[in-house]
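J.: This structure is in structure tokens; I'll ask about it shortly.
Throughout, read-outs are computed from the coordinates displayed, never taken from laboratory work. On a predicted model such as this, the values are computed, not experimentally measured, just so you know. Cβ placement follows ideal geometry from the backbone for every residue including glycine, while neighbour counts extend to all protein chains displayed.
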Amino acid sequence: MIDPALETLFLPLVNEAIEIPAEGKTLFLRARLGSALRDIPSERLVCQQTFAPDASALTRAGYELVEDTQDEFPLVLVLPPRQRQEARALLAEAVARTKDGGIVIASVANTEGAKTCEADLAQLAGCSGKLSKNKCRVFWTQVNKAEVNADLLESWLALDAPREIEGGRYMSRPGVFSWDHIDPASQLLAESLPENLYGKGADLGAGLGYLADEVVTRCPKIVGVDLYEAEKRSLDLAKQNLAEQGKKKPLDFIWADITAGLKRNYDFVVMNPPFHTGKADRNDLGQAFIRAASQALRPGGVLWMVANRHLPYEATLDKFFESFEIIRDEKGYKVIQATKARK
Ligand SMILES: C[S@@+](CC[C@H](N)C(=O)[O-])C[C@H]1O[C@@H](n2cnc3c(N)ncnc32)[C@H](O)[C@@H]1O
């Protein structure tokens, strides 16, 4: 699949507006795999990526992945996310990780805030050049450390730090799903869960842990929950948020791509599956979650899920489950219970 922001990121290197430094490695923040990477030898690239599908694609292709680094690099590439505070924090991180005189290159799709992000980098560390292609903008700056706006750098670095939300109930941070409030669809699902849910369960796409938290509180007969989540920034928060609940029931926190299947079998699954990346609806993601849930459920096991009511999941539920029922249809959401065949 073509990745326009990634292709555009490498444009100034391909057309030699910028030369790849002769010495040292290049840091790639929010790295994604694609044919554009061929312009830098894999042993000269250090990648950072917290989203499991992208991280495992890079690892499989032989790229070095680091969780964190305090080193400085002559060249830093970055694919900023859409959420503004998270993007600003990442730009600040990119500038902080660049050697004096080194270069930061960023690329953003026009529909994901390219213009704003370009202005943000310019405000922080200046602008040396820009190009537009593939409905994306690539922009870069040569980092002169003495000229970087040091106050802005410090405040932007702190912009996506974890903080309390919901009156202290959870720790959260910008950029994770529904980061500053409990999602109303998830809340509707939690309120619909039957008290007699039992056995071992899984929460697919667990976010910062809200649904698993509610399951442990509302359903005394359960024996434990595995929380699956692709975004490590969310999963780390879930671990922190559910530390107390983990003393009542065993909880396991699994950083994984659900579309690749689950690790164990379960008596029940709860989920509010992702349904878009950026602006576009991705029905296939929710459908893949339904398939993964069905494959992992034991005979007679139950799926409890919530979705925006316009999303077309019924045919997939029909295909992978013996029966399903819309339990609630309100506020634009549907809560669905599906049962796996006993044989
Ligand atoms: C709609 S949110 C629900 C979050 C949480 N359960 C809640 O109710 O607040 C969907 C979650 O799925 C995660 N996700 C997206 N794609 C995934 C994948 N392929 N594998 C695992 N999790 C994924 C997202 O990071 C996000 O946290």
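J.: Just to confirm the number: angle between the C-alpha axis of helix 114-125 and the first principal axis of the chain, 0 to 90 degrees, nearest 10?
T.: Around 50 degrees separate the two axes.
J.: Sorted from largest down, give the three principal axis spans of the alpha carbons of segment 4-157, whole angstrom values.
T.: 39, 32, 31
J.: I've got another one for you. Which order do peptides 201-213, 80-92, 8-20 fall in by mean Cβ count within 10 Å, highest first?
T.: Listed from highest to lowest mean packing, they are 201-213, 80-92, 8-20.
J.: Stretched out fully, how many nm does the piece from Lys221 to Tyr198 gain, at 0.36 nm a residue minus the Cα gap?
T.: The span from Lys221 to Tyr198 would gain 7.8 nm if fully extended.
J.: Using a cut-off of 26 Å between alpha-carbon atoms, which lysines can reach Lys133, once sequence neighbours fewer than 8 places away in the same chain are excluded?
T.: Lys115, Lys279
J.: Count the DSSP beta bridges whose two residues both fall in the chain, then state the antiparallel fraction as a percent rounded to the nearest 5.
T.: 50
J.: Under the rule a/c < 1.5 gives rounded, and otherwise a/b versus b/c splits prolate from oblate, where does segment 164-339 land using the Cα gyration tensor?
T.: Since a/c stays below 1.5, the shape of segment 164-339 is classed as rounded.
J.: Of Tyr63, Leu121, Leu9, which is farthest on the positive side of the dipole of the chain, counting Cα position, with +1 on Lys and Arg Cβ, -1 on Asp and Glu Cβ, and the Cα centre as origin?
T.: Going by the Cα projections, it comes out as Tyr63.
J.: Expressed in nm to one decimal, what extension gain is obtained for the pair Arg163 and Ala61 from 0.36 nm per residue of sequence separation less their Cα-Cα distance?
T.: Using 0.36 nm per residue and subtracting the Cα-Cα distance, I get 33.2 nm.
J.: So between Ala17 and Asp68, what do we pick up on full extension, going 0.36 nm a residue minus the alpha carbon distance?
T.: 15.5 nm is the gain from fully extending Ala17 to Asp68.
J.: For segment 109-185, what does the alpha-carbon gyration tensor say about shape, rounded, prolate or oblate, given a ≥ b ≥ c as the root eigenvalues, a/c under 1.5 as rounded, and a/b over b/c as prolate?
T.: oblate
J.: Using helices alone, what [θ] at 222 nm do you get for the chain, with -39,500 (n - 2.57) per DSSP H run of 4 or more residues, divided over all residues and rounded to the nearest 500?
T.: -8500 deg cm²/dmol
J.: Note the angle between two axes, namely the Cα long axis of helix 84-96 and the longest principal axis of the Cα atoms of the chain, as a number of degrees from 0 to 90, rounded to the nearest 10.
T.: That helix lies at roughly 40 degrees to the long axis.
J.: Using only Cα atoms, tell me the angle between helix 232-241 and the longest principal axis of the chain; keep it within 0 to 90° and round to the nearest 10.
T.: Taking the Cα atoms of the chain, the angle to 232-241 is about 50 degrees.
J.: Same structure again: Based on Cα positions only, what radius of gyration and what Dmax would you give for the chain, in angstroms?
T.: 21.9, 69
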